[in-house]
1. Taking the Cα centre of each part, how many Å lie between segment C:39-85 and segment A:216-245?
2. I need the peptides B:58-65, A:28-35, B:182-189, C:136-143 ranked by packing, meaning the mean over residues of other C-beta atoms within 10 angstrom, with the highest value on top.
3. Springs between alpha-carbon atoms under 10 Å, Gaussian network over chain B: tell me which of B:I42, B:I248, B:I214 tops the mean-square fluctuations.
4. Under 8 Å for C-alpha pairs, at least 6 residues apart: give me the relative contact order for chain B, rounded to a whole percent.
5. In peptide C:43-53, how many Cβ atoms from other protein chains are near each Cβ within 10 Å, on average?
6. Show the residues, 5+ positions off or on another chain, whose built amide H is closer than 5 Å to the amide H of C:R445.
7. To the nearest 0.05, how large is the calculated FRET efficiency for C:T30 and A:R109 if R₀ is 22 Å and r is the Cβ-Cβ distance?
8. Provide the per-residue ³J(HN,Hα) series for segment C:306-317, in order, calculated from phi with Karplus coefficients 6.51, -1.76, 1.60 and θ = phi - 60°, each as a whole number of Hz, with x at glycine and proline positions.
Amino acid sequence: MSNEIELIKDPGLPAHVHRRADTDPKAAARAERQVAILFMLSALGTLLLIVSYLFIPEDIFFFIPVMGNTNAHQLGLGMGMAIALFCIGAGLIHWAKTLMPDEEVVAQRHEFKSEDEDRKDFVKTVKEGAASAGLGRRPLIKRTLGAALGLSAISPVLLLGDLGPLPGNQLKTTTWKKGTRLVTDPGDRPLRPSDLEVGAVAQTLPEIAPGEHRSLNDIAKDAVLLIRLRPEEFNLDAERLSWTHEGIIAFSKICSHMGCAVALYEQTTKHLLCPCHQSTFDVTRAAKVIFGPAARPLPQLAITVDAEGYLIAQAPFNEPVGPSFWERSA
Amino acid sequence: MKQLSRLRRHRAAGPILLIFALFTIGTTFQVASAVDQEETSIAARSAAIDEGREIFLKGCSSCHGLNAEGGDIAPSLIGVGAASVDFQVATGRMPMADMSQQAMRKAPVYSAEEVNALAMYVASLAPGPKVPTEEMLNYERDGSVAEGGELFRTNCAMCHNFAAQGGALTQGKYAPTLMGVEPRHIYEAMITGPQAMPVFSDKTITPEEKLSIIKWIKSVEAEPQLGGAALGRVGPVTEGLLVWTLGIGLLIGVAVWLAMKAK
Amino acid sequence: MTARERIAGNVAGYVDDRTGAAKWMKKNLTKVFPDHWSFLLGEICLYSFVILLLSGTFLTFWFDPSMREVIYEGSYEPLQGLEMSAAYASTLDISFEVRGGLLMRQIHHWAALIFMVGIVVHLMRVYFTGAFRKPREFNWIIGVGLLTLGIVEGFLGYSLPDDLLSGTGIRIAEAIIQALPVVGSYLAFFAFGGAFPGVAFIPRIYTVHVLLLPGIFLALITVHLMLVWYQKHTQFPGPGRTEKNVVGYPLMPVYMAKAGGFFFIVFGVTAFLGAVASINPIWLYGPYTPGQVSAGSQPDWYMGWLDGLVRMAPPLETVTFGYTISWNILIPGLILPGIMFTGLALYPFIESWATGDKREHHLLDRPRNAPTRTAIGAMALTFTLVSLINGGNDIIATTFDLTINQMMWFSRIAIIVLPPLAYVITKRLCLSLQRADRDLVLHGRETGRLVRMPNGEFTEIHEPISPEKAWLLTSHEQLAPLELPEYDGAGVRRPAAIKNKIRNRISRSMATAVPKATETERKELEGHH
């Protein structure tokens, strides 16, 4: 018994099988007709596109199952374009498959690696070039060139310096100050405690002077959610309790996780849910995180009422609102 | 005595007496018939309240208590008002079919008349939010679509989704879709805050603003599909699903056809 | 010679006089391309890119990349009179005032989704067939680069209209930048030109989206294609196919017609989707303001896995000496994806280190014949799929009556437990398939016909398989594991001993296989049927 293991051999390319269109002229003519029909369908598609664009009014809707009430102009344009393009493609492919030669061709791969001779020549050329540049023999040129290039790389970075101001204190302050009234968003109406029933919420913003315009930058930090519970439902320490008023508690609406608006309040469980990543906050315990990826509770705004009975902030937020950043507690 | 008999014989005594008699009869009759009317409307109302109590005892008291005082499994209904009852019962949420996380909208068990009776009974227990009248619900006239959209996105979209299709809450609760909901029920939900939904008092969202919200919801409901099949109006999730099924499916299908040898 | 031929000849001569084009045109027009449907997946990406360029250019004629506030005065009633950015208003105008505008917006967005789907399925094909091996490692790295840039480009693209959904996504992106230690707040202020949202972000990402990234894409795609062209495409093993040849069809006319036709197919399917399926209906989302958010907010699918990772992250944040590091954002948002993409890019080098195989490969592997590689791929796909599903956990919860809390816990556990499970199952599957192949070669195809032998025994008739099929099932190489020495000739422990030991063990795992059938074994069995 020979120790040589004999492997199964490559039988080589199989014999070519002719297609119907190769041998039968009637089949070939049929294939040609099919390709022609596809190209003509494409032309009809373009026609549908042109007619839709120029003549179908944009306010006609008609019912199609699954799609509902569909805009005729839009559908005509789109389907016209789709048919026009698809049928050209289908025609080309069908033509290639049935009529163009389908005998497999064999080509040889060539080695990528250059000849040893060429490699040696390459190395020699590079070495000679480098030597004639003289970098090795002239260290002063090398060092000063390095310094010049390195330094010049600083310029483009520096020129981008005015891309933005330095953050300064902006991430740590909001518009809320002692005495700022809470007003409805939208509507800008100040609120009294009696305006909120137990179980009610209100979206609020700090009051601005008449004629002033709020920017989105302000809303991104100032949005506050008011919730009214029964005072006995709170589970807070004395200090946080003093930040509530008659069962009304106020939180920053900007999620402490990644900044989405947290306003989804579940009246039965007293939980706030952020729809972005499902962080859940317990209102009775000062928005403590009970589920989800948020690491910190929502900042609470201390509120009370002013002389006219409207709800106001007692003081600014005691911590930065919104997502965390490196120097947040510094 | 002589003064009185002299007055009796005065020329004006007859006419004065006549006027006085007429006045007395008229007033007495008025008062008598008024008492009669009040008794009829009180009777009608108390018949409805009685009917409501009957229905309540049969269908609701097992969970909500014989006097609607509530219990372990169901809250007290004292003070919830006719609006709450109309919302919960007319949308079929109550009576609750199974004690799952939240009551679902389903085919109502009681007829409109029975719902009205129930509502009047519960309203009779203590004052609470009233059922809005037709006049209060004229959103076509009193609401603004654009303002309603802004209000909806600020106050409602975080639970009910940008197109009012509904969304997830915690622990299996959900904010339902608002498609196909009657304007009256939308209004009642805002003022009563059913189950997990908070209350939207009339000072935080005024009645006009509530009508704007309803008008916007109705306009979204009626809006035809402007770009094609809406894919549920829930955003990129269904769009991604479509490319990974129909999109790449069609393309791979054509690729397979392309590479197959023709017959 | 006909008049047409004469004119064509004159034109060709004119060009050739100045460029010498005839020689390389002749060579390239007869270039051979192997034909398999899975080789068209990369073309889906290429053609989608062209569609994106065309439809995108259309959109730039009307889009206004400015965040200045305007009052909407267009024809969409529910937004009339509202304040919004010019970017949003101009997107509404494209959708409702420009004929064909909504169609082009939708074609552009569907093309972007298909582009990314194409990249993923193309990557899967290249990975599972081992087409990234020498000499194609460089092309693989370019491909991973295109995948990463594609994700960024898509995110920037759908953020341009400044609608509520994409604005929420930008808020989240800003939070990731802000969370970077030391430089986070500075980088965030630099990117946004100040506090969030500012007025600079949309115009800046517009430049990146229409100029910088498309330019980089063009360059990378060109190099990617040139390498495929020059190195010639790989081919599946089969009769007549060797490491030293290419079997297929010439560029002209067959490949041109088929590939060109496929371009129109891809364009047509994309246009069909744009015609019948609504995508990114920004008029329903409303303009972006930081005080609003919608339930069920997700990014586009190719970022869904990132969102899923962020959702399932544990709430880890440390504050040391007053300085905050948000691990709950950095790990799922940057560190984990960084590890994944780096591993992906370096995989060809890792595999060649693990197997010790430094040769050129032009014949593809059938996935079953590389069980460890296939199993690793299945593991990676499982990981990505679990995180992708978690990205949509709220919509899945409401659709299937589950809770988001259940979905979250399922994902946290599944992402650790399921990938190794997938590895084991896939590897076993591959080995079983190898065993089935071996059986087929040695024993032939089971015909299902039973025959009773004279001695009473029942046997099933097996039909021998064709020589082409036998070759297909046995032509693959089965590498022996490495046996790198730990001690040198004198019995002294080498400095690389531990590395060699690890490498030996890994290569043993890579070399796990069912020995392929040989002619010798077949001959031995000949008398037995």
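A short reminder: the numbers here are calculations on the coordinates, not readings from a lab. Given the structure is predicted, the values throughout are model-derived calculations rather than measurements. FYI the Cβ positions are ideal-geometry reconstructions off the backbone, even for glycines, and counts take in every protein chain you see.
1. What the calculation gives is 41 Å, centre to centre.
2. B:182-189, C:136-143, B:58-65, A:28-35
3. Looking only at B:I42, B:I248, B:I214, the biggest GNM fluctuation is shown by B:I248.
4. About 16 percent, as a whole number.
5. Counting other chains' Cβ atoms within 10 Å and averaging over C:43-53 gives 1.
6. C:E463, C:I465
7. E between C:T30 and A:R109, to the nearest 0.05, is 0.90.
8. Listing the rounded values in order: 5, 4, x, 5, 5, 5, 8, 5, x, x, 9, 8 Hz.
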